[in-house]
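This report refers to the structure that appears directly beneath it.
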There are 4 protein chains.
Amino acid sequence: MNERSVKELYYADYLQLDRLLNAQAPESRRHGPEAHDEMLFIITHQAYEIWFKQILHELKSVLGAFAVPPLDEHGMGIIVARLERIIAIQKVLNLQIDVLETITPLDFLDFRDYLIPASGFQSVQFREIELRLGLGVLIPQPVTGRLRSEDVAYLADVTGEPSLFEQVDAWLARMPFLKFEDYDFWESYRRAVAAMLAKDRRSILENPLFSDAERNAQLIELDNTRRKFDYLLDPAGFEQLKAQGMFHLRQTSVLSALFIQLYRDEPILHLPFRMLSHLMDIDELFTAWRSRHALMAQRMLGSKIGTGGSSGHDYLRETVDKKRIFRDLFNLSTFLIPRSSLPALPRRLKQSLNFHFTGEQKLDDH
Amino acid sequence: MNERSVKELYYADYLQLDRLLNAQAPESRRHGPEAHDEMLFIITHQAYEIWFKQILHELKSVLGAFAVPPLDEHGMGIIVARLERIIAIQKVLNLQIDVLETITPLDFLDFRDYLIPASGFQSVQFREIELRLGLGVLIPQPVTGRLRSEDVAYLADVTGEPSLFEQVDAWLARMPFLKFEDYDFWESYRRAVAAMLAKDRRSILENPLFSDAERNAQLIELDNTRRKFDYLLDPAGFEQLKAQGMFHLRQTSVLSALFIQLYRDEPILHLPFRMLSHLMDIDELFTAWRSRHALMAQRMLGSKIGTGGSSGHDYLRETVDKKRIFRDLFNLSTFLIPRSSLPALPRRLKQSLNFHFTGEQKLDDH
Amino acid sequence: MNERSVKELYYADYLQLDRLLNAQAPESRRHGPEAHDEMLFIITHQAYEIWFKQILHELKSVLGAFAVPPLDEHGMGIIVARLERIIAIQKVLNLQIDVLETITPLDFLDFRDYLIPASGFQSVQFREIELRLGLGVLIPQPVTGRLRSEDVAYLADVTGEPSLFEQVDAWLARMPFLKFEDYDFWESYRRAVAAMLAKDRRSILENPLFSDAERNAQLIELDNTRRKFDYLLDPAGFEQLKAQGMFHLRQTSVLSALFIQLYRDEPILHLPFRMLSHLMDIDELFTAWRSRHALMAQRMLGSKIGTGGSSGHDYLRETVDKKRIFRDLFNLSTFLIPRSSLPALPRRLKQSLNFHFTGEQKLDDH
Amino acid sequence: MNERSVKELYYADYLQLDRLLNAQAPESRRHGPEAHDEMLFIITHQAYEIWFKQILHELKSVLGAFAVPPLDEHGMGIIVARLERIIAIQKVLNLQIDVLETITPLDFLDFRDYLIPASGFQSVQFREIELRLGLGVLIPQPVTGRLRSEDVAYLADVTGEPSLFEQVDAWLARMPFLKFEDYDFWESYRRAVAAMLAKDRRSILENPLFSDAERNAQLIELDNTRRKFDYLLDPAGFEQLKAQGMFHLRQTSVLSALFIQLYRDEPILHLPFRMLSHLMDIDELFTAWRSRHALMAQRMLGSKIGTGGSSGHDYLRETVDKKRIFRDLFNLSTFLIPRSSLPALPRRLKQSLNFHFTGEQKLDDH
């Protein structure tokens, strides 16, 4: 008989509520009467931290699933479900800002000085999330925020481990379909693009509503578009797009991601398509969080220095857009072409991609 | 050259803003000075109605996809995406109640009397949504709310068409897997349940913390559970569960849905599992909408009669729980068994269910 | 020099992250490999509990503000701000259900058995919130959920303390304005109601669209309405309304609340009106939480017994509507009369209620 | 007998559903089979437009209330309630982006070309909202987006009318309290600031944890802060802050807003404080809307040109921060000082600001 069957589990023990609910010690208490709102400040940040722990729990399991190729549909299903959970948590994080904003700037001043030089920049877990997503790959992460040496060391270790950005890059680069038997998809794509651009050109030339100036502007724009398509498909050109900051993944990865977007109606690409969408969702939600956070900092502090000595609002605002990890996937849409222009896949490739689920008899003939 | 290329599309024309933005005529204007808040009342209800139109657009396309069997994965993917869109819209509908609640009860009285006997019960589109989901199959829908004869006729026609509930029922009943070659899944399931219940019985008997009364109560409960499992698998017993209101789908459909829940880790069951989850989400969100709506009615009117002559809050509240269409799917969880007790599927069935996506070479040997 | 200036405050110490982030011990780990989703289950419940602590922090400060009469506008302003904060937190609590629902029923089964007999009914903080709001005044609170004796004792103590319901009742009963010098407001109100009902009667009698049956039904309804108004203003009649469950506050409190609703445009009644609205918001949000929680329990467990031995979904659903504390305020709307019928307040009373803020010169002549 | 009593109001007529629900004409239908998702595109934009109409309805009534001074507490109460309603609507607008995002980039391509050159930049109502809030005062509004001449003319007219920014500026500038009898508040404030900065200076000098470099950096920062305070109170210095883009309101208005923030616990300042907070909320929510909109544009289009010929994502993103109207109020927090340093108001001024609501007897002695 195991221990559990003789000692009943109690809700408060299971959740360790004695630790959890005794872990709020307002600093203001040590300097005089407690500032009423400091409790909210502490608890909101603690809520952030335990959700960060959960995000890391999911993120690490996602990274783990990527780390053991081949990644089959079962594994992809788990990855998708866990990314969805991260998204659900991010929505909670964003709503928590509404709670934090019930502290007015004047109420914040009642305890702000006691917190110096502690600062949200010292959240090791948030930095770990950023690193595991891949921020360190895109932007070198300076050690700001007066971190303790053990925290610096920990984050350095994390930096050395493969991030989601890298795993996705590797997985996309590994994907088949770029060439299939004697069929070269990208050759068909190139022809489809050429046809599409030729049609666009004709409709610009024939549009009677355009002034000459407008027509020329449109033609120049069309040439730019053509050049981008050329760059996309050409290894040297692709380096140009990378240099312009449009892409950060490998060329083969970008092409695979594009293929998934274009043929996501094929059953086998459902889950990969969903995964890429979720990566963009996660990016969007962290962007929204950072940007609301920057506004809130300004609302609380104006142009005062943050408690950690940072320049507060300006710093936060400026970095919002730079910190997007999966920007490449957003930029991909530049290269989508309408379904009507999409080259048909050869039947045999299509069969490989399809999996009919149409009734009992079908199962037998597999 | 077609018409479009000679006449430029203008935003306001495309959206028909002249009609849309001139379709608000507060009744209070006709009886004296306009009640400021009546505009919000009108516009919120109009926003509901155009979203209802969109929900119907999606719902009809989902019904259309079910109507043309065999339903392949491609079709299932579309169904899932459109159900997800309905869910996104429902969240907007629910948030709109926050807007409507900015009308205070006293402000509502400024124009309420002018609306008599018009009423939200006259929303033909909302009734159509309920019917297309399947409410008419579960509860006969009385023609309340003083509908015009053409509206009554329209809804009668809709009642005659197959609803989502019926389509899902038919699709589940058609599903294979209940028997596969010489393998009888439900026989394995029955054995797994018996083993699980025997284990539960032992742990009740051996638990030293139970008083005799507690132990007996637990054993009685265990017998109830066993009986439910017996009923589930036996056609006559299943009729008992239907009579108790636990199920409304056919037995074979319930069993298929249970199978999907149990083996939803199999790739081929991903989309079906997601679809069933979304049906529950839709149910939950309409339930939340109805229940907030009932509270709002009480807050606005107290126990006054609604403008349409209905008993208002009480009526709304009482019907909230009855109107859930896919309650069966919630009740299914009664019959889930832990993964550890789950019978392994025979390799050949598993293969049929799986589809490995692990690299180029794999594609070739299909 | 104080201690702080020699030892820098560190983010992780301030938030006691070592305790907080080490307080998650999945039970499944002790019985085999950890069930991945148990971490989410723990963390979501911990997030609930720390927010409950914050709600109690605010609720106690609100109760404290009520406890020291006279309650001036400053105090009322604080009460309103803290109720608004509770509302902001409740919205987070409700959104957290979306996160919890990412655990599927089958995944829940991976660890559910290890939690028996622990249960959410053992959340002492949530029960404390219910008691402090006033649930114990409305419904005797049975000690269910196998609470520890110290928890039972603690909750018994809380039951003995004045609840928000009682404090609001006492504050409303204390309010002035029911009689003012030689002016009897309720006499004017009674006359206004009589005139309004007479007008309604005429329009029923004269409406040519009514059949005789409809006309009679409307007249009977009108008599019911008249009777309710009579009961409201008559002490013996009011006891009838209490017996019917329409009201639970004292008659004088209900009348004060009605006065606030009717004259909430008077500046002095802004904050009291806002406070009453927030009490209804809090009721609505807890109702929404309970009702989503009931649905989620059904979705997770079907008709299985909850881990704490409760009847789960059915119990939860049935109690949702009974647990509304400030139902009286919703029912008040029954007795609102249109602004156009509202008796004018005597100038001197109006002056007392008003406070013009129209410029420097005005300040001087106060 | 009026018309209404002989002809019953019908829900569909009241809401003009025949117009409303027939105002969706997908362009794709005219070029081949309807693109399923175009309906959603139309309906979401229509939902935006009818909500814009409602926002304008509220905004104009708020502007009207400001236009008839003196603005008493009653008027301020209405303004606050209507700003709160705008906020509730903005939350719906923001959630609608989730619905729009269910259109995938590839699905969008199915009808995108048919929309050229129509574009959201042609939303006259949204531009009107921006102008009425005050955007035209802050940034000259170029006529982009190929507007029709009547729309250009209409917006020119709107530009000529006083905006919310200007009305708030005028109202703040008119506020009393800056000088009261022989009391000069700003003199006391100046002394309080000096004392606060002196204390900060001492704690920097005495902190043993600072390196010399850190100490110097802190002292320089302190000097910057002192200079900002000097500039704030000095008319010539204030021009510097305006030139730096910190402020756009008049100096007297900024000082009044600061006074409201500092003494918002005084009952008479409750509503003004709430109004200023709501202006910031509105700013934040439009900022969030613009920034999500920019992300969505990128996700839909990549770096393609928008249908209206705009540079799409980049344009949208860059303007997000510039378009904040009430940025001054956020920057105000720079000049808050802790309650403990706040100069006490003279008793007579305080009395003017206070209005005790403590019982019947108090009313009599007014």
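General observations
- Scoring B:LEU155 on the criteria (1) facing chain D (nearest Cβ under 8 Å); (2) of a type in the set (A, V, I, L, M); (3) over 14 Å from the mean Cα position of the chain (by Cα) leaves a single failure, condition (1).
- Any chance B:GLU221 is farther than 22 Å from B:ILE325 by Cα and crowded, with 20+ Cβ neighbours inside 10 Å: no
Table: residues versus (1) modelled with pLDDT under 75; (2) under 23 Å from C:GLY134 (Cα atoms).
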residue	(1), (2)
C:LEU295	no, no
C:GLY302	no, no
C:GLY312	yes, no
C:VAL320	no, yes
C:PHE326	no, yes
C:PHE330	no, yes
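- C:ARG85 meets each of the listed conditions (1) under 30 Å from C:LEU255 (Cβ atoms); (2) away from chain A (no Cβ under 11 Å); (3) within 19 Å of the chain's Cα centre (by Cα) apart from (2).
- Criterion (at pLDDT 95 or above and either buried (at least 20 other Cβ atoms within 10 Å of the Cβ) or not acidic (Asp, Glu) (or both)) met by exactly one of B:LEU131, B:LEU147: B:LEU131
- Against the criterion of being over 24 Å from B:GLN122 (Cα atoms) and at pLDDT 95 or above, D:GLN96 qualifies.
- Residue within the range C:203-217 that is more than 14 Å from chain D (Cβ to nearest Cβ), over 27 Å from C:ILE282 (Cα atoms) and either of a type in the set (Lys, Arg) or outside any helix (DSSP H, G or I) (or both) present: no
- Enumeration of residues in the range D:179-199 that are touching a helix residue (DSSP H, G or I) at 6+ places or on another chain (Cβ under 6 Å) and within 14 Å of chain C (Cβ to nearest Cβ): D:PHE180
- Cross-chain or 6+ apart pairs with Cβ under 8 Å, the range D:266-285 first and within 9 Å of chain C (Cβ to nearest Cβ) and over 15 Å from D:MET175 (Cβ atoms), then buried (at least 21 other Cβ atoms within 10 Å of the Cβ) and of a type in the set (D, E, K, R): D:PRO267/C:GLU73
- Matching residues in the range C:17-56 - criterion: being exposed (fewer than 15 other Cβ atoms within 10 Å of the Cβ) and in contact (Cβ under 8 Å) with a residue 40 or more places away in the chain: C:ARG30, C:HIS31
- Options C:LEU95, C:LEU135: the member that is under 28 Å from the mean Cα position of the chain (by Cα) and more than 10 Å from every other protein chain (Cβ to nearest Cβ): C:LEU135
- The range C:295-306, residues that are assigned to a helix (DSSP H, G or I), at the interface with chain B (Cβ under 9 Å from one of its Cβ atoms) and buried (at least 21 other Cβ atoms within 10 Å of the Cβ): C:LEU295, C:GLN298, C:ARG299, C:MET300, C:LEU301
- Test: D:TRP186 is modelled with pLDDT of 90 or more and farther than 28 Å from C:LYS7 by Cα: no
- If the condition is being more than 17 Å from the chain's Cα centre (by Cα), in contact (Cβ under 8 Å) with a residue 40 or more places away in the chain and either within 23 Å of B:GLN24 (Cα to Cα) or within 12 Å of chain C (Cβ to nearest Cβ) (or both), then the range D:57-75 contributes D:PRO69, D:LEU71, D:GLU73.
- Residue match in the range A:222-241 (condition: within 17 Å of A:LEU336 (Cβ to Cβ) and either touching a Pro at 6+ places or on another chain (Cβ under 6 Å) or among the β-branched types (Val, Ile, Thr) (or both)): yes
- Top-ranked residue in the range A:31-43 [being assigned to a helix (DSSP H, G or I), facing chain C (nearest Cβ under 8 Å) and at pLDDT 95 or above; ranked as farthest from the chain's Cα centre (by Cα)]: A:MET39
The values are calculated or read from the model by the stated rules, or taken from the named source; none is laboratory data. Because the structure is a prediction, the values reported are computed rather than measured. For neighbour counting, all protein chains shown are included, and Cβ atoms are generated from backbone atoms with ideal geometry for every residue, glycine included.
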